[in-house]
Amino acid sequence: MKQKRIFCGCGSRARITKTNRLSQNCADLYCQCTNAECGHQFVAFSHYHSPLSPSAKTTDELASALIKSLTPERRKDLHNQLSLF
Ligand SMILES: [Zn+2]
């Protein structure tokens, strides 16, 4: 599998410490900044072999993966926002 290059917000390369496959095409990449002074750890969402026009199924997968990555508080906020429509 070809790994994407991930960069930290500080501009340094980030190292992928763990890959959490969500589906065939989607994965959470657990990253750590290689800059020792930064040391930022974060999770990047990666979608492999992106089609030019994603199918509805892919969009659903993306949306649910994004929601899963939210904290319970943010999920509650989102739920409240959605129920306004
Ligand atoms: Zn950094």
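Spin-label model, Leu66/Val43: points 7 Å from Cα along the beta carbon direction are separated by 1.5 nm.
Rounded to the nearest 0.05, what FRET efficiency do Thr17 and Leu82 give with R0 = 35 Å and r taken as the Cβ-Cβ distance? Could you check? Write out the running numbers ahead of the final one.
On the way: r = 33 Å, r/R0 = 0.94.
Once rounded, the FRET efficiency stands at 0.60.
With the simple spin-label model, which puts each label point 7 Å out from Cα in the Cβ direction, the Asn25 to Arg74 separation comes to 2.3 nm. Remark: the Asn35-Thr58 segment gains 4.9 nm on full extension, using 0.36 nm per residue and subtracting the alpha carbon distance. Taking the Cα centre of region 6-82 as reference, the dipole from Cβ charges on Lys and Arg (+1) and Asp and Glu (-1) amounts to some 140 debye.
Read-outs: derived from the displayed coordinates by stated rules, not from any lab. Here the structure is a predicted model, which means the values were calculated and not measured. All Cβ positions, glycine included, derive from the backbone under ideal geometry; neighbour counts span all protein chains shown.
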